[in-house]
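Structure first, commentary second.
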Amino acid sequence: MAFTRINSKMVEAQVLPGQRLFSQRGAMLAYRGDVTFTPNIQGGQGGFASMIGRRVANEATPLMTVEGRGSVMFGHGGHHVHTIDLTGDTLYVEADRLLAFEGSLRQSTMFMGSQGGVMGIVRGQVTGQGLFTTTLQGQGAVAVMAHGGVIELPISPQRPVHVDPQAYVAHRGDVRNKLSTALGWRDMVGRGSGEAFQLELSGQGTVYVQASEEKL
């Protein structure tokens, strides 16, 4: 099972017996075949512990379990959709960015302070997305949402990447993040807001950045 791009704002997934897919509630646009949609309260393969962790972390975005045989088209709010294929590694993504993901992936949560200490906590406050982030690990595909499309920026030990916290969508790999302050020209002309902070990602991996600073 994988996601096929229909256009920049819609993807389609094939659903087969014995396989499972999870999506945000309300993300199904249309489907063909014998497919069922069931409210999910256990957070994918993370089970009950994952559900409790997500609720405590305010990452409890309602999910639907999708099963059966057929094809389902997904999209939400007219947002651009970007697909990511995981091959055993971990994706760190804000819960409200998740559109759909394969049931083969294990879902959990991570305290942002564990990546960047106190500055990780500050990042949660600045972005307004809480102090935790959702993790997806294993073999499978993920569809995420963003404003204005997504670009993938490689991160290497020699070339860390600095991202506006509001433009951050997700990252993967052996990556550390910390929040740093920066005074730029926008602050000097009175437009200082999120631009006063930069999210620095270092290590080895990839960061996914949306082409807008708007929240979903």
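Please find the FRET efficiency linking Ser104 to Arg176, where r is the Cβ-Cβ separation and R0 is fixed at 45 Å, and quote it to the nearest 0.05. Approximately 0.95, to the nearest 0.05. Give the calculated FRET efficiency between Glu152 and Phe37 to the nearest 0.05, with a Förster radius of 25 Å applied to their Cβ-Cβ distance. After rounding to 0.05, the efficiency reads 0.25.
With K and R counted +1 and D and E -1, the other residues having a Cβ less than 9 Å from that of Gln19 yield a net charge of -1.
Counting charges near Phe74 (Lys, Arg +1; Asp, Glu -1) among other residues having Cβ under 14 Å from its Cβ returns a value of +3.
In plain terms, the chain from Leu16 to Ser212 could stretch by 67.0 nm, reckoned as 0.36 nm per residue minus the Cα-Cα distance. The distance between label points at Arg159 and Met73 comes to 3.8 nm (points 7 Å beyond Cα on the Cα→Cβ vector). Ser202 sits among other residues whose Cβ lies under 11 Å from its own Cβ, and their net charge, with Lys and Arg +1 and Asp and Glu -1, is +1.
Amide H contacts of Gly148 (H built 1.01 Å from N, in plane; Pro and chain starts excluded): His80 sit under 5 Å, all sequence-distant by 5 or more or on other chains.
Close amide H contacts of Gln19 (hydrogens built in the peptide plane, cut-off under 5 Å, sequence separation of 5 or more or a different chain): Gly68. A simple rule links phi to the HN-Hα coupling: the Karplus curve 6.51 cos²θ - 1.76 cosθ + 1.60 with θ = phi - 60°, which for segment 89-103 gives 8, 10, 9, 9, 8, 5, 4, 6, 8, 6, 9, 7, 7, 6, x Hz, with x for Gly and Pro. Once backbone amide H atoms are built at 1.01 Å from N, Ala2 has Gln14 as its partners under 5 Å, excluding neighbours fewer than 5 places away on the same chain.
Only the coordinates and a few stated rules stand behind these numbers; no lab work does. Every value quoted in this text rests on a predicted model; they were computed, and no experiment measured them. All Cβ positions, glycine included, derive from the backbone under ideal geometry; neighbour counts span all protein chains shown.
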